[in-house]
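To start, I am sharing the structure in question, which I have written as structure tokens.
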């Protein structure tokens with residue numbers, strides 16, 4: 001599997017909120033724009049730490065079906081299920097990887113919800129860590145191009 005496999009699961013506060021039953025949440029206002037790594041997803045309004053940002057949506061595939069797919073938008077939920085987020089209607093697919101993320105995904109019954117790890121300002125790019133497997137397969141061979149690593153390397 002070569003899709004996103006982020007760290008699991010979400011923060012203790014989110015687990016408590018989930019256990020208590022959370023009302024339907026409104027996604028944050030976001031837009032797709034040019035970023036350092038192609039296209040990216042950007043905040044159009046202030047987003048508070050812990051706030052629901054967006055849902056990563058797509059077809060639910062068995063692991064066997066996911067292995068047959070030729071797309072970089074596969075998001076592995078667990079060993080058995082993967083979401084194919086390649087549809088352009090899935091705006092969350094434009095969230096880029098970062099070694100210093102401001103968001104994190106949380107899977108809830110085969111749904112992938114993205115939450116803010118910290119307060120995010122309007123105009124700031126939304127990013128999360130794609131996980132170890134994606135890092136090993138795609139990022140490490142070519143070097144990380146996230147804004148945090150580029151800044152560390154002195155590249156602007």
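The values are calculated or read from the model by the stated rules, or taken from the named source; none is laboratory data. Since the model is a prediction, treat every value here as computed from it, not as a measurement. Note that each Cβ is placed from the backbone with ideal geometry, even for glycine, and that neighbours are counted across all protein chains shown.
List the number of the failed condition for residue 101; all other conditions in (1) part of a strand (DSSP E or B); (2) touching a strand residue (DSSP E or B) at 6+ places or on another chain (Cβ under 6 Å) hold.
(1)
Which residues, taken from region 106-156, are under 15 Å from the mean Cα position of the chain (by Cα), surrounded by fewer than 17 Cβ atoms within 10 Å (Cβ to Cβ) and not in a loop (DSSP other than H, G, I, E, B)?
Hits for region 106-156 are 108, 111, 132, 133, 135.
I'd like to know if region 39-50 contains one or more residues that are surrounded by 16 or more Cβ atoms within 10 Å (Cβ to Cβ) and in a loop (DSSP other than H, G, I, E, B).
Within region 39-50, none of the residues are surrounded by 16 or more Cβ atoms within 10 Å (Cβ to Cβ) and in a loop (DSSP other than H, G, I, E, B).
Now for a separate question. State which residue is farthest from residue 32 (Cα to Cα) when the search covers only region 78-92 and only residues that are surrounded by fewer than 22 Cβ atoms within 10 Å (Cβ to Cβ) and in contact with a strand residue (DSSP E or B) (Cβ under 9 Å, 6 or more places away or on another chain).
Taking region 78-92 first, the residues surrounded by fewer than 22 Cβ atoms within 10 Å (Cβ to Cβ) are 78-81, 84, 86-91.
Remaining after also requiring in contact with a strand residue (DSSP E or B) (Cβ under 9 Å, 6 or more places away or on another chain): 78, 80-81, 84, 86-87, 90-91.
On the way: 78: 28, 80: 31, 81: 27, 84: 19, 86: 15, 87: 14, 90: 11, 91: 8 Å.
Selected residue: 80.
Let me ask another. What tally of residues in region 15-60 results from selecting those that are at positive phi and modelled with pLDDT under 90?
2
Tell me which residues, restricted to region 63-104, are touching a helix residue (DSSP H, G or I) at 6+ places or on another chain (Cβ under 6 Å) and in contact (Cβ under 8 Å) with a residue 24 or more places away in the chain. It would help to see each step written out before you state the result.
Kept after step one, since they are touching a helix residue (DSSP H, G or I) at 6+ places or on another chain (Cβ under 6 Å), are these residues of region 63-104: 73-74, 80, 82, 85, 98-100.
Matches in region 63-104: 73, 74, 82, 85, 98, 99, 100.
Given the conditions (1) at pLDDT below 95; (2) closer than 26 Å to residue 29 by Cβ; (3) in a loop (DSSP other than H, G, I, E, B), and given that residue 71 satisfies all but one, which numbered condition is not satisfied?
So residue 71 meets the others, but not (2).
Could we say that residue 93 is in a loop (DSSP other than H, G, I, E, B), within 29 Å of residue 151 (Cα to Cα) and at pLDDT 95 or above here?
Considered against the rule, which asks whether it is in a loop (DSSP other than H, G, I, E, B), within 29 Å of residue 151 (Cα to Cα) and at pLDDT 95 or above, residue 93 comes out as no.
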